[in-house]
Every structure is written in C-alpha cells, then in structure tokens.
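K.L.:
A single structure is presented below for examination.
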Amino acid sequence: MAGEYGQVIIEEMNRLAHYINYLIDFDRDYENYLDKLKTRQDIENDKVELAKRTSNARTEIRELYSKAKKLHNDLKQILQKYKNNLDINCDMMNYSNNLRNANLKIPQKVDLTIQERKIPQDGVSTGGASALQNVQDMYTRNINHEKEFEKKYENLTKQKLAEYVIGKRYNEYWYNKAKNEYGPDTAGMLDMAHGNRNDLSYTKDAIKLTNWNDPRVASDKEYLREKVIKGFSYYDYDEDNVPGYFFKNYSEPSQRIANDKDFLEKIKESKNEILSNKKVSMGFPGYGPNTKSNLYYAFGKIDIRNGYIDKNGNLHVKVYDTYDFNPEEKDKPLVMAGKNKMLEGELKPFFTIHDIIIPKEKLDELWK
C-alpha cells in the first residue's frame, strides 16, 4: 500500500506488535516462576512476599498489554479507513492523544531467585531476549516514543497541507503567502514550476533556455546535461525536455545571491578553487525551524563555476541549480510535498543559471 500515511500507520503497528510480544514473554516468565515457587520448601518465609511482588509486576504488565492492544486495534481500523480513501485526520489526532496518555514503557523486572539462577537482567527468559531488543530499540532509545510519533505525524500533516496548496489548488493567494513567509525566491521558483504562473515579472531579466544543449550556454552543455540527468532521474524525465532560465547579473534574484552573507562567506573561503576554475558546491543554511531563509528554501544547494576576474578587478561567477525537490530528504515535509507534486506532473522541472558579479571593492574585502 503506497502513501506516507499508510507507511506511518504500518510502522507504528509493527512497533506496537513488538512491544505486545515482549509483554507476553515477560508475563509468561513470571508465570513459570510462580509455578516453581509453589514447589519450593526452603523459602517458606519469603514465599508470600515474593508472590506479592510478582503479582504486582504482572498487574503492571497486563495493564500495559491492554493499552497497547487497544492502540494496535485502533490503528487497524484507521488503516482500513485509509485503504477505503476515507478522511483519517481526526482518527490520527485521537490516536496521537491516546498514545501519549497510555504512557507505554518498559516494565521493570523484579529481582527474584529461582533455584540457582536469577531472572536475567533484561527481565525475560532467553527466548524473549530478541523481543526485548526490538522493544528497547524502538522505545528505550527514544524515552518519549509518543513524541517521536507526534513529530512524524506533524511532519506528515505539514506535507499534506503543502501538497494541497502547491498542487492543483495553487493560486495567487498561496503564491503571496509563500512570498511573505518564505521569501521572493522561494515563491518565484515555485511559480516557475507551475503552468498557471502568478508573477511573470520574476523572470523578466532571465533568458528562457530550451534545454541543456541551448547554444547560448554551449560552453556548459556537458556539465548541464549531467546535472539535469542527476537532478531529475528520480522522476524519469527526458533531459532534453527540461528547460532552463539564465538570470542576468542585474536581475533581482542574482542580486540577492550576490549579497547573501553565506554566499559571500563561501566565496571568501574558496578563493583558490574559484580562481582555478574548479566547481565549488555549497548549501544555504536553514537557521533552525523558526527562522526562514529565502535562499535555503529556493535553492538548498548550488554549484559555483566559471570564475574569473575582469579587467576592472570584479569577480564573475555563475551559480547553477536544478529545481528537483531532492527525494533523499525524507525528513523535510515541504521537500516531500514538492516531490510528490512533481511525480504527479503538477510541478514541472527546470534548471537555473545565475550570473553573479562581486565588485572589486567587496572582493578586496573578502580576499584581503
């Protein structure tokens, strides 16, 4: 069954199944202990206390089992609704709340002597060790597992909302909202990927290129071809049908890159590579979840190439990128939303080249 919702539900069901199996093994181990305890004659004084401690431990185990089983059954029903293409947002929210309230945990072992041995440190017999390992991998490493699930569900909700607004329902309102929240280049790049564009002025100082083999970028054609193939191979696009945009150095998008502090820092530290006409790659940082970075959301990572100094001492470089929503970035809801819309054909691929000039005065300051 395809789809991110389905994957999250199935992963959670598997996690609960491991946990339930672990509790069953744990309870069985105590049952075996109680059977042996009844035949012991040498610990009459301790027998009542040991039986009480064992009973308390089993009560906790069975309460946890009951909660986990109910959560597992709830997920079964949600999964069935999902398969039938029904809305499950409310169900998922309720499940998330119920998971938090259930407070599932690894029950503590009770240190009890059975003949010449103790119950192993993990609290289960040898046969349950693998089950415990699975549970510990899934629960103990993330002490608050419910928070992990909520984060995954929150990201999924963000992704679905993003798919809603950048797909067929994309309009002027959502374009302006993206522009205000994420910056002009993020909104502009998204707009360029749509057939129903909202702001043609964004590319007024750009040359539309037919593809990587456009004669106007002949010196870059082999590099561009490889970059386009790499960027869009996931989507099975023909590289000859991917257009490009060449932004002139006086365009607003090129000017924003040329004045970006992270871009200038990369120019500063890459002097030798740039003057040797080597490719320099960089990523624009995101600055954390509550800080929007226009170039981070618009480009993510770029290549810097074709550097040279003109007769006036100004540095010329070109910046290259493919609008491909890197499918490997599975932890980023907005990226995954764009990837899905591109797979569905609601967004179209393209590559960009930005001509950048760093004035001599600024360059002298960077490379002093």
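The values are calculated or read from the model by the stated rules, or taken from the named source; none is laboratory data. No experiment lies behind these values; they were computed from the predicted model shown. Note that we place each Cβ from the backbone using ideal geometry, even for glycine, and neighbour counts take in every protein chain shown.
K.L.:
From the list Asn306, Asn312, Asn272, pick out the single residue that is of a type in the set (S, T, N, Q), in a loop (DSSP other than H, G, I, E, B) and more than 31 Å from the chain's Cα centre (by Cα).
P.N.:
Residue meeting the stated conditions: Asn312.
K.L.:
Any residue in the stretch 293-302 that is at pLDDT 95 or above, outside any loop (DSSP other than H, G, I, E, B) and closer than 26 Å to Leu334 by Cα?
P.N.:
yes
K.L.:
Looking at Lys318, is it within 21 Å of Lys230 (Cβ to Cβ) and not in a strand (DSSP E or B)?
P.N.:
no
K.L.:
With the structure loaded, tell me whether Asn196 is free of Cβ contacts under 8 Å to residues at least 60 places away in the same chain and not in a helix (DSSP H, G or I) or whether it fails that test.
P.N.:
Spelling it out, Asn196 is indeed free of Cβ contacts under 8 Å to residues at least 60 places away in the same chain and not in a helix (DSSP H, G or I).
Table: residues versus (1) charged (D, E, K, R); (2) surrounded by fewer than 17 Cβ atoms within 10 Å (Cβ to Cβ); (3) free of Cβ contacts under 8 Å to residues at least 60 places away in the same chain.
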{"residue": "Tyr173", "(1), (2), (3)": "no, yes, yes"}
{"residue": "Pro184", "(1), (2), (3)": "no, no, no"}
{"residue": "Pro215", "(1), (2), (3)": "no, yes, yes"}
{"residue": "Tyr223", "(1), (2), (3)": "no, yes, no"}
{"residue": "Asp238", "(1), (2), (3)": "yes, yes, yes"}
{"residue": "Arg256", "(1), (2), (3)": "yes, no, no"}
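K.L.:
Looking at (1) assigned by TED's automatic domain parsing to the domain that holds Ala298; (2) under 19 Å from Glu344 (Cβ atoms); (3) of a type outside the set (A, V, I, L, M); (4) crowded, with 16+ Cβ neighbours inside 10 Å, can you tell me which one Gln159 breaks?
P.N.:
Looking at each condition in turn, Gln159 falls short on (1).
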